[in-house]
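Below is one structure, written out as structure tokens; the observations come after it.
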Amino acid sequence: MSNTVFVLNGPNLNLLGLREPEIYGSTTLDEIAGMLEDRARDLGLAIDMRQTNHEGMLVDWLHEAQAEGARAVLLNAAAYTHTSIALLDAIKAIRVPVIEVHLSDPKTRESFRHNSYVGMAAAKTIEGHGPDSYRIALEAVAAGEV
Ligand code: DQA
């Protein structure tokens, strides 16, 4: 097993910072990546941060995490969280632990965000802490919680 943590981000997260800042804040995904890289170094981990707007790409990257022996995956599948049985199956298909991450707390938002297919298979869910959700999830990996 490597010490690399895949950090996979789904649709519209490339627009973080511009997108609905009243919900998601003004921090960009690049800024989150920089913060996570620093924290990972302190924790003796490395991160491989990616973003895609395509559901199947997330499935491929989950398979790649398994093939490469990644330590864990932090997955913010964004809207696919609430719709994607393919992601549920992919998480179940791999042995790498997946932590579900969200900036906002979907459970306190519209009812269509209350269902999480990702959460049905994820080892843990961290949500509602803004960009810190990613850091808290990384620290859970370092602490051996997953
Ligand atoms: C999100 C929450 C989802 O409901 C939404 O579709 C997103 C972002 C979050 O990080 O808060 O795109 O995953």
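The values are calculated or read from the model by the stated rules, or taken from the named source; none is laboratory data. Predicted, not measured: the structure shown is a model, and the values here were computed from it. No Cβ is skipped: glycine too gets one built from the backbone with ideal geometry, and neighbour counts run over all protein chains shown. Areas reflect the complete protein model, heavy atoms only, side chains present, ligands, DNA and RNA absent. Shrake-Rupley method; radii C 1.70, N 1.55, O 1.52, S 1.80 Å.
Probe radius 1.4 Å, ligands and nucleic acids left out: which of H54, H63 has the largest accessible area, and how do the rest follow?
Descending accessible area places them as H54, H63.
Under the rule of -39500 (n - 2.57) per DSSP H run of 4 or more residues, summed and divided by the residues of the chain, what mean residue ellipticity at 222 nm is obtained, to the nearest 500 deg cm²/dmol?
So the calculated ellipticity at 222 nm is -11000 deg cm²/dmol.
Please report the relative contact order for the chain, taking Cα pairs under 8 Å with a sequence separation of at least 6, and give it as a percent rounded to a whole number.
Computed over the chain, the figure is 26 percent.
Show I47, I23, I91 ordered by accessible area, largest first, where the area counts protein heavy atoms only and the probe is 1.4 Å.
I23, I47, I91
Just to compare against my own numbers: the Cα pair-distance distribution for region 1-62, 10 Å bins, whole % per bin, please.
Histogramming region 1-62 at 10 Å steps yields 21, 44, 32, 4 percent.
For region 91-106, just list the computed ³J(HN,Hα) in residue order, Karplus coefficients 6.51, -1.76 and 1.60, θ = phi - 60°, integers in Hz, with x standing in for Gly and Pro.
Each residue of region 91-106 in turn: 5, 5, 7, 10, 9, 5, x, 10, 9, 6, 10, 9, 5, 8, 10, x Hz.
Once the dipole of the chain is set up with Lys and Arg at +1 and Asp and Glu at -1 on Cβ about the Cα centre, which of H129, P21, G144 lies farthest towards its positive end?
Of the listed residues, the answer is G144.
Starting at the first residue of region 113-124, write each ³J(HN,Hα) from the Karplus equation 6.51 cos²θ - 1.76 cosθ + 1.60 with θ = phi - 60°, in whole Hz, x for Gly and Pro.
With the stated coefficients, region 113-124 comes to 9, 6, 7, 10, 5, 4, x, 5, 10, 5, 6, 6 Hz.
Summing +1 for each Lys or Arg and -1 for each Asp or Glu, what net charge is found among the other residues whose Cβ lies under 13 Å from the Cβ of G17?
Every neighbour counted, the sum reads -3.
May I ask for the net charge around V7, where only other residues with Cβ less than 9 Å from the Cβ of V7 are counted and Lys, Arg are +1 while Asp, Glu are -1?
0
Hey, what's the Kirkwood Rh for the chain if you take every pair of different alpha carbons, in angstrom?
14.9 Å
Just to verify a number: what accessible area does E37 come out at with the full protein assembly present, 1.4 Å probe, Å² rounded to tens?
Probe radius 1.4 Å; accessible area of E37 about 90 Å².
Could you state how much accessible area L29 has, in square angstrom rounded to the nearest 10, with a 1.4 Å probe and all protein chains kept in place?
Surface open to solvent at L29 totals about 20 Å².
All other residues with a Cβ under 10 Å from the Cβ of R39 taken together, and with Lys, Arg as +1 and Asp, Glu as -1, what is their net charge?
Neighbourhood net charge equals -2.
Which cross-chain or sequence-distant (5 or more) residues have an amide H under 5 Å from the amide H of I47, H modelled 1.01 Å from N in plane?
Amide H neighbours of I47, under 5 Å, 5+ apart: V5.
Using unit Cβ charges (K, R positive; D, E negative) and no other charged atoms, how large, in debye to the nearest 20, is the dipole of the chain about its Cα centre?
It comes to approximately 320 debye.
Can you give the accessible area per residue of the chain, in Å², using a 1.4 Å probe?
Averaged over the residues of the chain, the accessible area is 46 Å².
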